[in-house]
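Since the structure comes first, as structure tokens, the remarks are kept for the end.
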Amino acid sequence: MTPGGVDLAVTELTSGTAGTDIGFGTRHSVPAPAPAAHASRNAPEPKGNGHTMAPNRGYTIESLDTGLRLMRLFLTHDTLTVSEAAELLAVGRSTAHRVLSTLEGRGFAIRDFSGRGYSAGPELVRLGRPAGFGTDLRERLGAVLEDALLRTGETVQSAALMGDRIIVTDGRASSHPVRVMPEVGGTRPAHATSGGKMLLARMTTEQVCALYPREELPAATPETITSRSALLAELDGIRSCGYALSRGESVRGMHTVAVPLAGSSWRDRLALMASAPADRGDEASLVRRAEELHLSAALLGTV
């Protein structure tokens, strides 16, 4: 509880009394997949957004395809024995053993303590980890966030893209009596947030369409963009102006602005966001904060 006020975590921002903390919204953590029973050998493997995918057999390297399918099994299995892998992939035990041994040699799989099973290795975990969680980068980001907080006076957060959602990697809370509270580890739909749109704008149109294969997009609030064509048009504008806005699109009454923060590839790109209640988030204020965030973001290369 803050002095003289009440701590709240709500899904909408409304005008509150002095001393009220307002949460980023309902927190969505990435659920750990439950261990799955042995799947049918002919069942298609899952793809993002609930789709399935099948390789083009005319251009498939079978051994590579087997290795990739085996790595995907670690999404639903904490450990795999050679026999289990062979059954799930519909291949011989010798093939499964060779693939697991190859993955182990490259750090994509490790032996468990029993010596019989294999688990996801450090290289596979590293590939799946969003940007912004490494110790060294977090320390450098801390100085950027502190500077951004001082410049804008509003809650600031860093975010990484994780599929079609963003995840907050760090943040600093504003000292205003009514403020947005950062939620490190919380996730939001990328197309509904300024940080998500900023990161999507740094991708190609083809990459964005792969993330959003359907024209219709889910609405988080009545203000959310709900069509892919409208999203693509807004991303073009973001590329031109260098910042992204979200006005009540992910949380009612919360207005945010974001600028690019770091990274030369999709894996290590981050966005720097400033969030405020709507009464402090008019157009002129958001544009001014974008300029201030750009100054703070430039510090990342010097700290």
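The values are calculated or read from the model by the stated rules, or taken from the named source; none is laboratory data. Predicted, not measured: the structure shown is a model, and the values here were computed from it. With ideal geometry, Cβ positions are generated from the backbone for all residues, glycine too; neighbour counts draw on all protein chains shown. Areas reflect the complete protein model, heavy atoms only, side chains present, ligands, DNA and RNA absent. Shrake-Rupley method; radii C 1.70, N 1.55, O 1.52, S 1.80 Å.
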**Length added when fully stretched, Gln207-Ala143, from 0.36 nm per residue minus Cα-Cα** = 19.9 nm
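How large is the accessible surface per residue of the stretch 142-195, computed with a 1.4 Å probe and reported in Å² as a whole number?
Numbers: 1490 Å² over 54 residues.
Each residue of the stretch 142-195 exposes 28 Å² on average to a 1.4 Å probe.
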**Message:** For the pair Ser240/Ala219, report the inter-label distance in nm, with labels modelled 7 Å from Cα in the Cβ direction.
**Reply:** 2.7 nm
**Asked** Ignoring ligands, DNA and RNA, what percent of the accessible area of the stretch 218-303 is carbon or sulfur (1.4 Å)?
**Response** 54 percent
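How many Å² of accessible area per residue for the stretch 225-303, probe 1.4 Å? Working shown, then result.
On the way: 3240 Å² over 79 residues.
Averaged over the residues of the stretch 225-303, the accessible area is 41 Å².
Order the peptides 280-287, 235-242, 149-156 from the highest to the lowest mean number of other Cβ atoms within 10 Å of their residues. Could the numbers behind the result be given before it?
Working: 280-287: 15.4, 235-242: 13.6, 149-156: 21.9.
The most tightly packed comes first, giving 149-156, 280-287, 235-242.
Considering only protein heavy atoms and a probe of 1.4 Å, how much of the accessible area of the stretch 73-188 is carbon and sulfur, as a whole percent? It would help to have the intermediate numbers written out before the result.
Details: 2880 of 5400 Å².
Reported share for carbon and sulfur atoms: 53 percent.
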